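Asker: Could you have a look at this structure, given as structure tokens, before my questions?
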Amino acid sequence: MRFTKDHEWVSVAGDVATVGITQYAAEQLGDVVFVEVPDVGKTLNKGDSLAVVESVKAASDVYAPVSGEVVEANGSLSVTPETVNAEPTGGGWFAKVKMSDPSQVDGLMDQAAYDAYLASL
């Protein structure tokens, strides 16, 4: 698993990246009440808005940590948005992206680097 400074995580299988938000991000948001996931087929550039999460505290964009095409979206989050809080790095994933440039993952933080980043906040 790799991480961004915006608290997204990426898990890679072949050329497909599963994207979600970290436990830290889920805790900062508070209770998630609405999630808008991207449409399958949407083309994303690294840094584009991938999803929208609304909580009792705020609405936040989730940014694409890699470029590519959305091949699967977690539509169940529209029915059970609280899954993002309960399982942020599991069932609370937002989308699966077929990466156009898998080397972009190399620029993301590993667990140790992310932990060090969190400690600096």
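The values are calculated or read from the model by the stated rules, or taken from the named source; none is laboratory data. In this text, all values refer to a predicted model and were calculated from it rather than measured experimentally. FYI the Cβ positions are ideal-geometry reconstructions off the backbone, even for glycines, and counts take in every protein chain you see.
Asker: Report the residue count in segment 86-103 for those that are within 14 Å of Val62 (Cβ to Cβ) and either outside any loop (DSSP other than H, G, I, E, B) or at pLDDT below 95 (or both).
Answerer: Residues of segment 86-103 within 14 Å of Val62 (Cβ to Cβ): 88-89, 92-97.
Those left that are additionally either outside any loop (DSSP other than H, G, I, E, B) or at pLDDT below 95 (or both): 95-97.
Of the residues in that region, 3 qualify.
Asker: Name the residue, out of Val105, Val79, that is among the β-branched types (Val, Ile, Thr) and touching a strand residue (DSSP E or B) at 6+ places or on another chain (Cβ under 9 Å).
Answerer: Every option except Val105 fails the conditions.
Asker: Only residues that are closer than 23 Å to Ala113 by Cβ and surrounded by fewer than 18 Cβ atoms within 10 Å (Cβ to Cβ): list them for segment 19-45, please. Quick ask: steps written out before the conclusion?
Answerer: Let us first name the residues in segment 19-45 that are closer than 23 Å to Ala113 by Cβ, namely 19-29.
Within segment 19-45, Gln23, Tyr24, Glu27, Gln28 meet the criteria.
Asker: State which residue is surrounded by the fewest Cβ atoms within 10 Å (Cβ to Cβ) when the search covers only segment 76-100 and only residues that are among the charged types (D, E, K, R) and touching a residue at least 40 places away in the same chain (Cβ under 8 Å).
Answerer: So the first thing to find is which residues in segment 76-100 are among the charged types (D, E, K, R), and the list is 82, 87, 96, 98.
In the following step, the residues that additionally are touching a residue at least 40 places away in the same chain (Cβ under 8 Å) were identified as 82, 96, 98.
Values: Glu82: 14, Lys96: 19, Lys98: 16.
The selected residue is Glu82.
Asker: Turning to a different aspect of this structure: From the list Val97, Val32, Val16, Val105, pick out the single residue that is over 24 Å from Leu121 (Cβ atoms), β-branched (Val, Ile, Thr) and over 12 Å from the mean Cα position of the chain (by Cα).
Answerer: Val16
For every residue, the table says whether it meets (1) outside any loop (DSSP other than H, G, I, E, B); (2) within 10 Å of the chain's Cα centre (by Cα).
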{"site": "Lys5", "(1), (2)": "no, no"}
{"site": "Trp9", "(1), (2)": "yes, yes"}
{"site": "Gly47", "(1), (2)": "no, no"}
{"site": "Leu50", "(1), (2)": "yes, yes"}
{"site": "Val70", "(1), (2)": "yes, no"}
